[in-house]
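The structure under discussion appears below in the form of structure tokens.
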């Protein structure tokens, strides 16, 4: 519980320079989550009540404010990406057959797969309506390409199940598509919303990509530790057939056939919890966590390098803190 | 078989004024259905091989040519709507748990629900990339709102299961959302692509809506007849819980409690094929088919009225034929 208070403190600090802009954003966002039809309306309410940390709108608005004045288009852009992210979570939960999301029942769990697919489509449409409101088709193109990369990344992950090798490069491709592409779209979109120069747009796009890579590697590292407070065992990703950076490193370093066989069955199915536990221990003993942490920190350092070239400001400080939060968060 | 040749003849005639434009469209469309990832690529090839009659791109291009010269934006617009339609079919087949589409296994059947959800998202992104290529955010707005109406219409249909009444108005709302909204977007988008006047844009939007309503009513009427050639029994829609215009009319006209009870179980589940057959006969005996056909023809007449106000041309003749085909088609 104390941990959660600490996290909220840090997020509070990160949000400080854009508090009023976030309020505006929230009003816009919520205004799209009501509908005359009672079934759709209750599904949208459920979506609205599962509030996340707003990592993507915060990043969008901080980027906009780093390079100019937050305006209506920045708000629409922030809403675009949170809708997009929300829609992708809904479809993800169907794909992963997840029962929970943010400590509450998932939409597929509460309303069934049919409604969840359709509500996901509806919310994706909300994303695009907000993108259209900016009057900038370049933003639409950015969102659409992020959507392509996201679905292609997820499919790559599914198809990687058949792959008998454990490639670090394929891993980076997957996490770019499933996570970093959207972070990159957030910073690019935020920069575009304030008519930033082409150089700034490119810089910030890269910044978002790097932050997104950190975000997903951190997420993947969590899976090697249990979380007693929420009853989460280790190896959830492995149960879903996902083989992530720490274990990829350990397998390639040791070339240990026994563990490779377990890992192959992680991908193809039929692995036991005991085997997963063994693979987790093997990964830790062979420096998988350190390696992944180091790679994550390299991405974070590159992100900070980009940021350092901008003049000091409260917003810049928040963005540094944002990066620290992403790499240091404990959930 | 002869029937199919006749249909292809009519479609050939309808397409005649836009043959070369359709070739251009097809090239653009196909160029988006390839990918480096082999799993995604085979799913996209499967999608590409299930070619439909291109009803939506044909309507988009005919509209554009009625009001001006087909240009690159008209082609992108046509591709937008066919991608959109294709994505919605993929998600529909998941929602309806359909095993077949256009005489071939559905994508969910061949590749599983997970891949089908993601390929649907990928193709929807293709739709938006093409919309963005027009440089016109109004088109993006039209597509997004059609996407909203489509998912809301499908959800309304699902939620109507709980509804104990049989309302003609709810039926029209459902079919507007699930079908007519997209036809309306096609004609509106086609008109916009050639910078038509606001008056023409509005006229054509309404034309598309009316054609879409005809299209869905005709589709719904088919369900009351078996098709021996493809082994399709009557009452498929009823098996999926859908209560359509012919039976709604018959139930409201007769107020027959026994058949109302069967129809309620059509919605809530647990109905037998014998009961469906009985409900189909009851509907026919009580003029349900004639009534639905008359309503469809009223929509078609209104559509023709709009079209009549435009100067005669080969394209206008094709559009009349298009309407006749939609209301008269036998599959």
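The values are calculated or read from the model by the stated rules, or taken from the named source; none is laboratory data. From a predicted model like this one, the values you see are computed outputs, not experimental measurements. We place every Cβ from the backbone using ideal geometry, glycine too, and count neighbours over all the protein chains shown.
Key figures
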{"item": "Some residue of segment A:109-119 being more than 11 Å from chain B (Cβ to nearest Cβ) and on the phi > 0 side of the Ramachandran plot", "result": "no"}
{"item": "Test result for residue B:50, surrounded by fewer than 24 Cβ atoms within 10 Å (Cβ to Cβ), touching a strand residue (DSSP E or B) at 6+ places or on another chain (Cβ under 6 Å) and more than 9 Å from chain A (Cβ to nearest Cβ)", "result": "yes"}
{"item": "Enumerated helices (runs of 4 or more DSSP H) restricted to segment B:232-331, each holding at least 2 residues that are at pLDDT 95 or above", "result": "B:245-254, B:273-285, B:288-308, B:314-328"}
{"item": "Residue match in segment A:173-196 (condition: touching a helix residue (DSSP H, G or I) at 6+ places or on another chain (Cβ under 9 Å), more than 13 Å from every other protein chain (Cβ to nearest Cβ), surrounded by fewer than 17 Cβ atoms within 10 Å (Cβ to Cβ) and at negative phi)", "result": "no"}
{"item": "Selection count where residues are within 22 Å of the chain's Cα centre (by Cα) and buried (at least 17 other Cβ atoms within 10 Å of the Cβ), scope segment A:8-20", "result": "4"}
{"item": "Options B:86, B:77; residue that is over 30 Å from residue A:94 (Cα atoms) and touching a helix residue (DSSP H, G or I) at 6+ places or on another chain (Cβ under 7 Å)", "result": "B:77"}
{"item": "Sole residue being without any contact (Cβ under 8 Å) to a residue 12 or more places away in the chain, more than 23 Å from residue A:196 (Cβ to Cβ) and assigned to a helix (DSSP H, G or I), chosen from A:30, A:23, A:36", "result": "A:23"}
{"item": "Condition broken by residue A:130, with the remaining ones in (1) under 19 Å from the mean Cα position of the chain (by Cα); (2) more than 7 Å from chain B (Cβ to nearest Cβ); (3) under 21 Å from residue A:205 (Cα atoms); (4) surrounded by 24 or more Cβ atoms within 10 Å (Cβ to Cβ) satisfied", "result": "(1)"}
{"item": "Subset of segment A:98-127 that is more than 23 Å from residue B:149 (Cα to Cα) and within 18 Å of the chain's Cα centre (by Cα) - its residue that is surrounded by the most Cβ atoms within 10 Å (Cβ to Cβ)", "result": "A:106"}
{"item": "Positions within segment A:29-46 being away from chain B (no Cβ under 14 Å) and surrounded by 18 or more Cβ atoms within 10 Å (Cβ to Cβ), in sequence order", "result": "A:29"}
{"item": "Selected residue (criterion: surrounded by the fewest Cβ atoms within 10 Å (Cβ to Cβ)) from residues of segment A:137-157 that are over 18 Å from the mean Cα position of the chain (by Cα) and at the interface with chain B (Cβ under 7 Å from one of its Cβ atoms)", "result": "A:141"}
{"item": "Count - residues of segment A:161-172 that are more than 17 Å from the chain's Cα centre (by Cα), more than 9 Å from every other protein chain (Cβ to nearest Cβ) and in contact (Cβ under 8 Å) with a residue 40 or more places away in the chain", "result": "6"}
{"item": "Residues (buried (at least 16 other Cβ atoms within 10 Å of the Cβ) and farther than 18 Å from residue A:85 by Cβ) located in segment A:53-73", "result": "A:65, A:66, A:67, A:68, A:70, A:73"}
{"item": "Unique match (being touching a helix residue (DSSP H, G or I) at 6+ places or on another chain (Cβ under 6 Å) and over 25 Å from residue B:139 (Cβ atoms)) among B:39, B:66, B:59, B:33", "result": "B:39"}
{"item": "Qualifying residue in segment B:69-86 (condition: at the interface with another protein chain (Cβ under 9 Å from one of its Cβ atoms) and either on the phi > 0 side of the Ramachandran plot or assigned to a helix (DSSP H, G or I) (or both))", "result": "no"}
